[in-house]
């Protein structure tokens, strides 16, 4: 199973992020990533393996944008 999920970690690295932790819950995953600005916890809408790489990348980008905007306020 680790190999199937490693593609999501690689995708985060392509985005310039470092995956720190993954928290698995019965209905979703939460990932903690290191960005140049700091550490962000992202709650995914489902488990990573239920999302395509494109959906995963788009969702993470959207959540990072939200996190940046909330820090500015």
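See the values below:
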read-out	value
Relative contact order for the chain, counting Cα pairs under 8 Å that sit 6 or more residues apart, in percent	23 percent
For the chain, calculated [θ]222 nm from helices alone, where every DSSP H run of n ≥ 4 adds -39500 (n - 2.57)	-15000 deg cm²/dmol
Choice from 62, 43, 34 with maximal GNM fluctuation in the chain (Cα, 10 Å cutoff)	62
Rounded tilt (10° steps) of 53-72 against the dominant C-alpha axis of the chain	20 degrees
Folded to 0 to 90 degrees: helix 2-14 orientation relative to the chain principal axis, Cα	30 degrees
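We did not get these values from a lab; they are worked out from the coordinates using the rules stated. Just so it is clear, the model here is predicted, and its values are computed rather than measured.
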